[in-house]
1. Give the relative contact order (percent, whole number) for the range 34-250; include only Cα pairs under 8 Å separated by 6+ residues.
2. With unit charges on the beta carbon (Lys/Arg positive, Asp/Glu negative), name the residue among Leu376, Ile140, Leu98 whose Cα is farthest towards the positive pole of the charge dipole of the chain.
3. Which aspartates and glutamates, on any chain, are close to Lys272 with Cα under 13 Å apart, when same-chain ones fewer than 8 places away are left out?
4. Residue by residue through the range 63-72, which ³J(HN,Hα) values in whole Hz follow from phi under the Karplus form 6.51 cos²θ - 1.76 cosθ + 1.60 (θ = phi - 60°), with glycine and proline marked x?
5. Between Ala267 and residues 5 or more places away or on another chain, which pairs have amide H atoms under 5 Å apart, with H built 1.01 Å from N, and which residues are they?
6. Arrange the following residues from fewest to most other Cβ atoms within 10 Å of their Cβ: His254, His401.
7. Could you give the longest part of the chain that holds none of the GluC sites (Glu not before Pro) found in DSSP loops with at most 12 neighbouring Cβ atoms within 10 Å?
8. So who's got an amide H within less than 5 Å of the one on Lys386, skipping anything under 5 residues away but keeping other chains? H placed 1.01 Å off N, in plane.
Amino acid sequence: MKANLRCGKETISLELPASAQLIENRPAAALADPASIVRDALLHPIGTAPLKEIARGRKNACIVISDITRPVPNKVILPPLLQTLTESGIAAENITILIATGMHRPNLGAELESMVGKDIMDNYRIVNHYCQKQEEYREIARIEGAPIEINTHYLDADLKILTGLIEPHFYAGFSGSRKSILPGISSFQTMKFMHSYKVIDQLQQANCRLENNIFHQYAMEVTERAGVDFILNVVINQERELAGVFAGHYDLAHRAGCDLVSSHAVAVLPEKVDLVITSAGGFPLDATFYQVAKCLIAARDILKENGTILVTCGCEEGLGSEEFCTIMRSNPTPADFDRHHGNPDNFVIDQWCAQNIYQTLAHAGKIYIYSPGLSLEDVQRFQGIKIEDCQATVNDLLKSHEKVAVIPEGPYVVGKLAGDN
C-alpha cells in the first residue's frame with residue numbers, strides 16, 4: 001500500500017504493508033459552481049433571513065476572516081458576500097475585513113494578497129487583530145472571574161459576519177463559527193483563561209465532539225454575548241476544493257456543516273494501534289511546529305500507551321513564536337512542563353499547544369519527526385527523534401510494531417474507537 005503524506009509544500013510517499021489501517025477522508029465531491037452555490041446560500045441561509053434582508057439599513061459591517069494558517073477559499077466566498085452587502089446599501093468604505101489572527105502574527109503585503117486577492121485588498125479596509133494591544137478590545141463579560149475581551153472593530157460594527165472553515169478541531173470539536181471570535185478576535189487575557197493549563201487538561205478526545213466539551217461551551221457563551229448576525233462557513237475536501245457551504249445562524253448553520261465534516265472526516269477503528277504514521281497537514285498549516293500539536297493529539301487518541309508516532313511536518317518557520325520556542329527548549333520532559341506551567345502564575349502565550357505536545361510525549365513511547373525546517377538540536381531538546389529518511393525509519397519500525405495506522409491528512413481526519421461518542 002502506498003500512502004502520500006503532506007510535508008510543507010512537498011509530498012512524502014511511503015510504501016506500507018497491506019495490513020496497515022489507512023485513515024483518510026471519505027471522498028467529498030467538489031461543488032460544480034462554487035460561486036453560484038455561495039450566492040444561493042446567502043439567499044437561502046439556515047435559521048436566518050437572507051443576508052440581503054439582514055444587511056438592509058445597517059450603517060456598516062465587519063466581516064471576520066481566518067488568517068493565513070487556514071486554507072479558507074476567501075477568493076471564492078468573499079466576492080458574493082461583499083456584493084450582497086453593497087447591493088443592500090453598505091458602501092465598500094463602510095466595510096471592515098478583520099483578520100482573526102488569535103495570537104498569531106499579522107498577515108500583510110503579498111501574504112494578504114494571496115489570501116483575499118488584489119482587488120479586495122486594494123478596495124476594502126482590512127485590519128489584523130492584535131491580541132495584546134489593549135486599545136484593540138474591550139470587556140463584554142466575565143466567566144469564572146476571567147475578563148472576556150473582544151476586538152472593538154467587531155463589537156462596534158452594525159452588522160457582524162463570521163466566515164471560516166469547518167474542520168476537526170482538537171479543542172473546540174470543530175472549527176468555524178464561534179471560534180472566529182474565540183480565539184480569533186479575543187484578547188490575551190481572555191485567551192489566558194480559555195487556554196489555561198486547567199481548561200486544556202479537561203479536554204480529552206474532544207476532536208469532532210461538541211457535546212460535553214467545555215471549550216465549545218465557553219466559546220458559545222462568548223459568541224452569544226458578542227453577537228453574530230450571520231455566518232458563512234465552508235467545508236473543503238482533500239484537494240482543498242469547496243465541498244459545502246453553510247450560511248446563516250451561528251449555531252444551526254455551523255452544526256449542519258459539522259455533520260458534513262463528520263460524514264467524511266471521522267474514521268472508526270476497532271482498537272488502538274502500536275504505531276501511528278501521520279502528517280501535520282502540509283503548508284500552510286505546518287509552517288511551524290506549534291501547529292503540529294493538532295495531528296499529534298489525533299494520533300495520541302488512537303495510540304496504545306507507550307506506542308510510537310512518526311510525523312511529517314515542513315516547519316519552514318521553525319518551532320514557532322519566541323514564547324513557544326522558549327517553552328520547547330526549556331522543558332525536556334512532560335514532567336518539567338507540568339511542574340512549571342501547571343502553575344497559573346507561570347502562564348505564557350502558546351503554552352496550550354505545547355501542553356498537547358507534552359501530553360502526547362507522555363503517552364507515546366517515542367515520537368519520530370521528519371521535518372526539513374527543524375534543527376536536530378531543537379527536536380532533541382524535547383526528546384523527539386529527528387529522522388532524515390522516512391521510508392527507512394518506517395521499514396525499521398514495522399519490524400516491532402504489528403498494528404499500524406497511517407493518517408495522510410493529519411489533523412483533517414479523526415480516528416475514533418468503536419463505542420466512543
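Just so it is clear, none of the values below were taken in a lab; they were calculated from the coordinates. Treat the numbers as computed from the prediction; the structure is a model and nothing was measured. Virtual Cβ from ideal backbone geometry, glycine too; neighbours counted across all protein chains shown.
1. Once divided by the residue count of the range 34-250, the mean separation gives 24 percent.
2. Ile140
3. Answer for Lys272, where 13 Å is the Cα cut-off: Asp301, Glu305, Glu402, Asp420, listed by chain and number.
4. 10, 8, 10, 6, 7, 5, 6, 10, x, 6
5. Val414, Gly415, Lys416
6. Taking fewest neighbouring Cβ atoms as first place, the list is His401, His254.
7. Looking at the chain, 1-143 is the longest stretch - no exposed GluC sites (Glu not before Pro) with at most 12 other Cβ atoms within 10 Å.
8. HN-HN under 5 Å from Lys386: Ile369.
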